[in-house]
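Visitor: Please find one structure pasted underneath; my questions will follow.
Just so you know, all these numbers are worked out from the coordinates, no wet-lab data involved. Fair warning: this is a prediction, and the values are worked out from it, not measured in the lab. Counting neighbours? That spans all protein chains shown, and the Cβs are built from the backbone with ideal geometry, glycine included.
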Amino acid sequence: MSAKTKILLSVVGPTAVGKTAFAIQLAQHFKTEIISADSRQFYREMEIGTAKPDADELAAARHHFINSHAIQEHYSVGMYERDALLLLDRLFQKYDVVIAVGGSGLFFKALWEGLDDMPEVDLNVRAQLNATFQKEGLDPLLKELEAEDPIYYDQVDRHNHQRVIRALEVIRSSGKPFSAFRKGEDADKPKRPFTNVKVGLTMDREVLFDRINQRMDQMIAQGLFKEAMDLMPYKDHNALQTVGYTEIFRYLEGAYDKEEAIRLLKRNSRRYAKRQMTWFRRDEEIKWVKPDDFQEVIRSVSELLDA
């Protein structure tokens, strides 16, 4: 193996934009493997609602971190950072390029530059916060966050309940503001033994939203409601506090009828896509391309390898 630069080629973007197919094309071209950075595809039981690669796609290129954990297991972003870096050390002994793909911005941040050092969280506190969210919605949690940590309250995406709950569980567990544990923009970041090449997939918003609606119809036809029903005993787990499942849990609890559940599934999936784009757009290192700009990416990475 030559002493070429090792490249982690990351494919990011909103849900339903075509990341899986794009990443497989790249993996086949560079004759390499794929690691998933999608926080929900880790779990074996979350099959339909996470749009995992199907059997043919998994056979087309070797994937890691797909169906790697059971829903009962606690698997944090910090654990993922550790495991993914160990895996990359092994993969880069065989390949000059490894592909990472997914839509979870925080997991990519862990992979690219490491995370802030956060304290241990009391899991009972997490359960209490999730229970409050399920019963009373986001408003009381936002009021608590504003009172306890106005700095982070001004920064957080206030529509993202997972981020709000994450901040509050740290605040309640540590007795300190969440913002006190966060590194500033100028903080030293750990040096990675590879070069990050970041590619974002984008398309016309109306086309993307239509794809999201169609994907949701397909998931429902495949049995999404039955899958969510089977997962009801675990509905308070962090992995299931997510679009595609919480709407059905509320339906199963009698909050609204099935027609309304489907409307919310589609609406919230579109909103989730917008949040993903907002997160990734903040990273100026991401080069945005259309899903058919495959050859352009190949050329850029090949030039780096030959440099």
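Visitor: Modelled label-to-label distance, Lys191 and Lys94, 7 Å Cα→beta-carbon offset: nm?
Guide: So the label points at Lys191 and Lys94 sit 2.8 nm apart.
Visitor: Moving on to the next point. Return Thr202, Thr5, Thr20 ranked ascending by Cβ neighbour count within 10 Å, so the fewest neighbours appear first. Spell out each step's value before the answer.
Guide: Numbers: Thr202 18, Thr5 14, Thr20 24.
So the residues, fewest neighbours to most, are Thr5, Thr202, Thr20.
Visitor: Now a separate question. Which aspartates and glutamates have a Cα less than 19 Å from the Cα of Lys290, not counting those fewer than 8 places away in the same chain?
Guide: Correct list for Lys290: Asp204, Glu206, Asp210.
Visitor: Here is a further query. Relative to the present Cα-Cα distance, how much length would full extension add between Asp257 and Asp204 at 0.36 nm per residue of separation?
Guide: Working: separation 53, 0.36 × 53 = 19.08 nm, distance 3.18 nm.
The Asp257-Asp204 span can extend by a further 15.9 nm.
Visitor: Starting from the Kirkwood Rh over alpha-carbon pairs, what translational D in µm² s⁻¹ does the stretch 1-106 have by Stokes-Einstein at 20 °C and 1.002 mPa s? Working shown, then result.
Guide: Details: Rh = 14.2 Å.
Here the translational diffusion coefficient equals 151 µm²/s.
Visitor: List the aspartates and glutamates whose Cα sits under 14 Å from the Cα of Lys19, skipping any in the same chain fewer than 8 residues away.
Guide: Of all the aspartates and glutamates, those that pass the test against Lys19 - Cα under 14 Å, at least 8 places apart if same chain - are Asp38, Asp54, Glu57, Asp292, Asp293.
Visitor: Something else: Between Asp154 and Met229, how high is the FRET efficiency from 1/(1 + (r/R0)^6) when r is the Cβ-Cβ distance and R₀ = 51 Å? Nearest 0.05.
Guide: On the way: r = 39 Å, r/R0 = 0.77.
So the FRET efficiency works out to roughly 0.85.
Visitor: When the scattering of the chain is computed by the Debye formula from its Cα atoms alone, each counted once and equally, what is log10 I(q)/I(0) at q = 0.07 Å⁻¹?
Guide: Rounded to two decimals, the profile gives -0.28.
Visitor: OK, next. Near Lys94, which lysines are there with a Cα under 17 Å away, not counting those fewer than 8 places off in the same chain?
Guide: Of all the lysines, those that pass the test against Lys94 - Cα under 17 Å, at least 8 places apart if same chain - are Lys4, Lys6, Lys31.
Visitor: How far is it, in nm, from the label point at Glu120 to the one at Asp306 when both lie 7 Å from their Cα along the line to the Cβ?
Guide: My value for the distance between the label points is 5.4 nm.
Visitor: Further question on the same structure: Please say if the stretch 67-163 is rounded, prolate or oblate, where rounded means a/c under 1.5 for a ≥ b ≥ c the square roots of the C-alpha gyration tensor eigenvalues, and otherwise the choice is prolate for a/b larger than b/c and oblate otherwise? Please report the intermediate quantities before stating the final value.
Guide: Details: a/c = 2.63, a/b = 1.99, b/c = 1.32.
Note, shape of the stretch 67-163 comes out prolate.
Visitor: First select every other residue whose beta carbon is under 13 angstrom from the beta carbon of Lys198; then total the charges, Lys and Arg +1, Asp and Glu -1.
Guide: On the way: positive: Lys19, Lys109, Arg192, Arg281, Arg282, Lys287; negative: Glu113, Asp283, Glu284, Glu285.
Counting the neighbours of Lys198, the net charge comes to +2.
Visitor: Give me the net charge for the shell around Phe22: Cβ to Cβ below 12 angstrom, other residues only, Lys and Arg +1, Asp and Glu -1. All intermediate terms of the calculation are to be shown ahead of the outcome.
Guide: On the way: positive: Lys19, Lys290; negative: Glu57, Asp292, Asp293, Glu296.
That works out to -2.
Visitor: As I understand it, the dipole of the stretch 123-181 uses +1 on the Cβ of Lys and Arg and -1 on the Cβ of Asp and Glu, about the Cα centre. Which of Gln128, Tyr152, Leu168 lies farthest toward its positive end?
Guide: Value computed over the given set: Gln128.
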